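Each remark here refers to the structure printed beneath this line.
The values are calculated or read from the model by the stated rules, or taken from the named source; none is laboratory data. Just so it is clear, the structure is predicted and the values come from calculations on it, not from any experiment. Here the Cβ positions follow ideal geometry from the backbone for every residue, glycine too, while neighbour counts run over all protein chains shown. For accessibility, only protein heavy atoms count, side chains too; no ligands or nucleic acids. Shrake-Rupley method; radii C 1.70, N 1.55, O 1.52, S 1.80 Å.
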Amino acid sequence: MRKPESDGTRSITPSADAFRTLFESSPQGLQIYRAESLEDPGELRLLAQNAAVSKLVGVDVGDNVGKTIRETAPQYLESEFPSRYLAAIVSGKPDHWVVTYHDEHFPRAVWRASLVPLDAEHVAVVFENITAQHDAEEQVRKRTNEVERANLKLEALAARVTANLDESEARFRAVLDQVPGIVWTADRDLVIQSSRGSALSTLGLETDEVVGLTLQQFLGTEDPEDPAVRAHVEALGGSPRDYGYEIGGRAYDVKVKPLTSPDDSIAGVIGVALDVTEYRALQESLLRKQRLESVGRLAGGIAHDFNNLLTIILNQAHFLKAPSPDAVNAAHDAEPIIEAAEHGARLTSQLLAFARQQVTRPVHIQLNEHIEKMSTMWDRVLGDDIEVVLELDGSLGTVRADPGQIEQVLMNLTLNARDAMPTGGRLRIGTATVNLPQGNAFDVAPGRYVKLVVEDDGAGMEADVVSRAFEPFFTTKKNEGGTGLGLSTVYGVIEQSGGAIRIDSAVGRGTCFEIVIPVSLVAAGSAAAEKNPGVSSSSGGTILVTDDNLAVRRVTVRGLQRAGYVVLEAGGGEEALSVVAQTGPIDLAVLDVVMPGMTGPELAAKLREKSPKLPVVYISGYPGGSLEHESDAHFLAKPFSPVALLELVESAIRGKEPS
């Protein structure tokens, strides 16, 4: 008997836990309302919402669940939101719209909202803040409209020139001189007969200064395939042409068309050029920012799961490496595992630095000291054929930054310079304190900055390489094993430190990186965060370990138990509170930062309601912004080794004040 043929598919039914995880982890605001009355919008009752809602609106609205709109935000009844919610429930049809909203409680913001009726009483609301995107698009749209209006105006003027050559030239030239571009005519030999327009001044030219020159002489080319030359020749043949052109450092949108005589024969060419330099720069800036932000979000997400896995590998490998009677060769076998895990940890650190999501430990530092410290190893790293010249400002101000990250920036830039000078050369590293005015080249707020310059006289970079230099995974050294993360990491670290970076490079004249970081008003080494107490052996005590990842929790517990601690464990916030309630006081809590239901900082706050001085060590592979208000917290980034965990635990316990 033949079996029924299968269509190759099988049903997959997501679990309620999967939907709950999707609901809670969504970056979009998600809410579910029930209509207590189909006639009164104020009686819409909030049944559930995810954590993104509070983050998006900028205030904690977690207490609103279970309450009606009239109870929590009566000012909303004056807006269109509640009425649309009811309308979607009554009609049973989804609703989508974009709206700008603000009131005395919330600043102006642009929201994209979607309503999905679930049944005759319930509606799901999905919304996200698109203010930045909307404003940027509006700016581009406004500039585009201006360009289009200017083009229409120029075309109208050009048509008027063609149709009314016998009209009063004085009046007509006065109009042309006000045109925000350049209008010119040329005869059949492409000798320029006239040139007018306010944009001539941007090229350093006066009205009609180029009259008598051929088009090729003005452009400085004899290439018949030059876009401008080819377009003019085709216009002489009766075919209007549009093209883009760059000259004198400016970008132009150009239109050329046949210039006809009264007998309709083609007497030459008339052209109109509109300066679109600023418009193009705005477009490119917007696209580059969107591209960098999307890759940054991807890097942050990958790092979270990758670091959980590396924590498991690293800890298990250390356990395997520890001497034991039943594992004579275990240490030899475990060493490659540890090395691989540590290499992966460096990779995720680079990804997070680029995404500007890495947890930093900024302190007040003197940049010169770190440059001089690293200069001792540059001879070994760079080789004898590269001369390193230090030009350091002795009165340099301090900056607030992560010392390890700043040294990573210095190393990445010097290695980049080394690769650009394979046969040797000169590397100059300089510092200075500068005052940047409004509208400076770095596009940062005016004020005092420490400036770092790293300049080589190597091969230099082409313009298209410079424009992509900070993109993650972009590299010109694939055959040499380049990862494409070196300069993107530098970009992320400097941005995270509140500074900015610029590149000046051209083929054959080397590359110069210029970095500015705001000057700090605090002397180097004075921050409390720079204290680094020593670590001794285990002081004993009871520790609560809470992590929703079972494998990570097990290796963390095991490492602490081996050191002699009594360890309690829990997979989430509610379970942790229950365990502590049953067992009694604890001496320290080790908490994962990002957990479903209750975050690590939220759990710490509840534990400290009964033990206000309880020390807490946070662990995470990707904390995002969860520790923004925990600047003095003990934090250990995943992956970590048992030694690193014990050192931080001991430091936290010894730092606990007497209760």
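Summing Lys, Arg as +1 and Asp, Glu as -1, what charge do residues with Cβ under 11 Å from the Cβ of Arg241 carry, Arg241 excluded? Could the numbers behind the result be given before it?
Numbers: positive: Arg230, Lys255, Lys257; negative: Glu234, Asp242.
It works out to a net charge of +1.
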Study note, to complete from the structure: Probe 1.4 Å, all chains present, heavy atoms only: Leu259 accessible area in Å², nearest 10, is 20 Å²
Review point. Between rounded, prolate and oblate, where does the range 218-260 land on the alpha carbon gyration tensor, with a ≥ b ≥ c its root eigenvalues, rounded for a/c under 1.5, else prolate if a/b exceeds b/c?
Key: oblate
Point to revise | Protein-only accessible surface order, largest first, of Glu602, Glu222 at 1.4 Å | key: Glu222, Glu602
Exercise for review: Report, by chain and number, residues whose modeled amide H sits under 5 Å from the one on Val590, excluding near sequence neighbours (fewer than 5 apart, same chain).
Suggested key: Leu544, Val545, Thr546, Val617
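Distances over 15 Å make up what percent of all Cα-Cα pairs in the range 187-227?
Taking all Cα-Cα pairs of the range 187-227, the fraction more than 15 Å apart is 46 percent.
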Study note, to complete from the structure: Once phi for every residue in the range 442-450 is put through the Karplus expression 6.51 cos²θ - 1.76 cosθ + 1.60 (θ = phi - 60°), the whole-Hz ³J(HN,Hα) values, with Gly and Pro written as x, are 7, 6, 10, 5, x, x, 8, 9, 8
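State the percentage of accessible surface on the range 62-101 attributable to carbon and sulfur atoms; use a 1.4 Å probe and exclude ligands, DNA and RNA.
51 percent
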Study note, to complete from the structure: SASA check, Phe81, accessible area w/ 1.4 Å probe, all protein chains in place, rounded to nearest 10 Å², comes out at 30 Å²
Review point. Around Ala48, which amide H atoms from residues at least 5 apart in sequence, or from another chain, sit under 5 Å from its own amide H, with H modelled in the peptide plane?
Key: Ile32
**Study point:** Dimensionless Rg/Rh of the range 49-104 - Kirkwood Rh, Rg from C-alpha atoms
**Key:** 0.96
Study note, to complete from the structure: Using alpha carbon positions and the Kirkwood radius, the Rg to Rh ratio of the range 26-162 is 1.20
